[in-house]
Amino acid sequence: MPRYCKNWLLRFELLLSLGFLIGCATHADRLHDVRTLFHNGDLVGAGEAIDKQLNKRGSGKEADVLKLERSMVELCSGRPEQAEQTLREVRDRFDYLEQQSLAESALSMMTDDNTRSYAGEDYEKVLIRAFLAMSNLMGDGADAAAYGLQVTDKQNRIIHAGMKGPGLEEPNENPKLAYKRVALGAYIHGAMIEATHTNFDDVTRARAHVVSWQPDFRYGHDDLRRAQHGVHSRPGHGVLYVFTLVGRGPYKEEVSEIPSTVALLIADRILSATNKHTLPPTIAPIKVPKVVLSPNQINTVHVSANGSPLGATETITDVGQLAVQQYEAIYPQVLARAVVRRAVKKGTVYAAKEMVNSGGNEMVNFAMDVGGVIWEATEAADTRCWGLLPDKIQVLRVELPAGQHQIGMQPGTHYGTLGSQQGTTVEIADGRNTYMLACFPDTRLAGQILTSTH
């Protein structure tokens, strides 16, 4: 065998070895323990598990998404300033990563998408801004209104940018036009401006956005009417906003795309029968990530003041619905990348056979087909995601007399309560806003109830 052919085979074996390294445990496997600890209320354990992964992987391809998990632990543990700092870091990093790396794209065609830097799903990029706003509300509140505007601005830029298919220079038909809008940013912006008792035209526009983007938000029309009348609250009263993170949010898991796998198997058998060399048979299924919704016991939080019921929180952003809808919109592109990757790998094996002139050597053909099958089998779906998001972000706005109040919160359904009541004391200022935030992934509180300090 010629020397250059032996060198080519050596490179091919090294590439297969790289495939073995890439195709081991998925991010979903590593996220499982973190989610379990967090949802069971063990935020210390969840934080330690995240830090262990960060220390192990350093500045690797999972670092940014692990920092998103850490921001949730920081926020729910009562450290909103640290959460805000972490979220700002990841926000800026994701913005930078929107510049596509040709080298990473080429390498991912020879391995899988886990070799690419994770720039976040579209809904995650928007929700980073939303959580920045809520984190800031629990601190000094100076930038919360600006973060609220960033939520709307980011989704506008994502939708207008459209998307490109693999290897295409011109945009395809833009499925992102159908994206459901996140109303939380406009809601927070409107609440902050309303508390100034000025610019009620801006408040009205923000409230109108909420009604338009989240029409099933039960309190939206009342908020809009109040803004149109230029009223913040009755004399001697202030406003309490209770934000809740309700339920276990969406995550990704690896699934096999059977119809595409079967179609590719038929195609490579036809090509093998009609060409000089055979192609590796499509035995390993094509693997793609899928957004999964968690089963949830609760769908609201009942709120009371001084023992008297005030109402229940209502959904201002359905995170699970948002994640599924947006992923379904881009799924054809995800699947196209996976199919193209298989075609590239089969073409590489075919080219290798041409290089070593293996047409008459059945053992070499067989060995390279086996190598190609193993190479394909090492692919793993890219299951990186922000796994500690809630299923729903909810809010309740109530007016209370100025002074101290004991606020109780109890998770449940719209028909009753579940679990035990949690409470804290808040100070309501005349004509001002006070904000609270609590996380109920299940029937128990995760972390602590946060109250704004301004």
With the crude spin-label approximation of a point 7 Å out along Cα→Cβ, what separation in nm comes out for E399 versus N55? 5.4 nm
Ranked from fewest to most other Cβ atoms within 10 Å of their own Cβ, W375, W386, W213 fall in the order W213, W375, W386
Rounded to whole Å, give me the distance from the Cα center of the stretch 290-319 to that of the stretch 41-75. 26 Å
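Past 20 Å, Cα to Cα, is the threshold; run K52/K290; K56/K287; K287/K346; K61/K346; K180/K392 against it and keep the listed order.
K52/K290; K56/K287; K61/K346
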Please check which bits of the stretch 114-130 a label hung off R88 would reach, taking the label as a point 7 Å along Cα-to-C-beta and the cut-off as backbone N under 16 Å. 128-130
Would you please give the FRET efficiency between T274 and A377, computed as 1/(1 + (r/R0)^6) with r the Cβ-Cβ distance and R0 = 22 Å, to the nearest 0.05? 0.30
Looking only at the stretch 289-307, which residues have a backbone nitrogen under 20 Å from a spot 7 Å from the Cα of R218 in the C-beta direction? 296-307
In this structure, the FRET efficiency calculated for E173 and H414 from their beta-carbon separation, with R0 = 45 Å, to the nearest 0.05, is 0.70
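What length, rounded to one decimal in nm, is gained on full extension from H160 through to M355, with 0.36 nm per residue of separation minus their alpha-carbon distance?
Here the answer is 65.6 nm.
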Subtracting the Cα-Cα distance of A146 and D33 from 0.36 nm times their residue separation yields 37.2 nm
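With 10 angstrom as the radius, rank T313, T274, T198 by how many other C-beta atoms surround their C-beta, starting from the fewest.
With the sparsest Cβ surroundings first, the list reads T274, T198, T313.
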Virtual spin-label span in nm between I283 and R234, 7 Å along Cα→Cβ: 7.6 nm
Taking 0.36 nm per residue of separation between S117 and M363 and subtracting their Cα-Cα distance, the length gained on full extension comes to 84.7 nm
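Quickly rank 91-99, 284-292 as a protection proxy: mean count of other C-beta atoms within 10 Å, highest first.
284-292, 91-99
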Residue-wise HN-Hα coupling along the stretch 37-47, computed from phi with Karplus coefficients 6.51, -1.76, 1.60 (Hz; x: Gly, Pro): 4, 5, 5, 8, x, 8, 6, 5, x, 5, x
Give the distance, in whole Å, between the Cα centre of the stretch 178-217 and the Cα centre of the stretch 324-348. 37 Å
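Laboratory data are not the source of any read-out in this text; all were calculated from the coordinates shown. Just so it is clear, the model here is predicted, and its values are computed rather than measured. Neighbour counts are summed over all protein chains in view; Cβ atoms, including those assigned to glycine, are modelled from backbone coordinates with ideal geometry.
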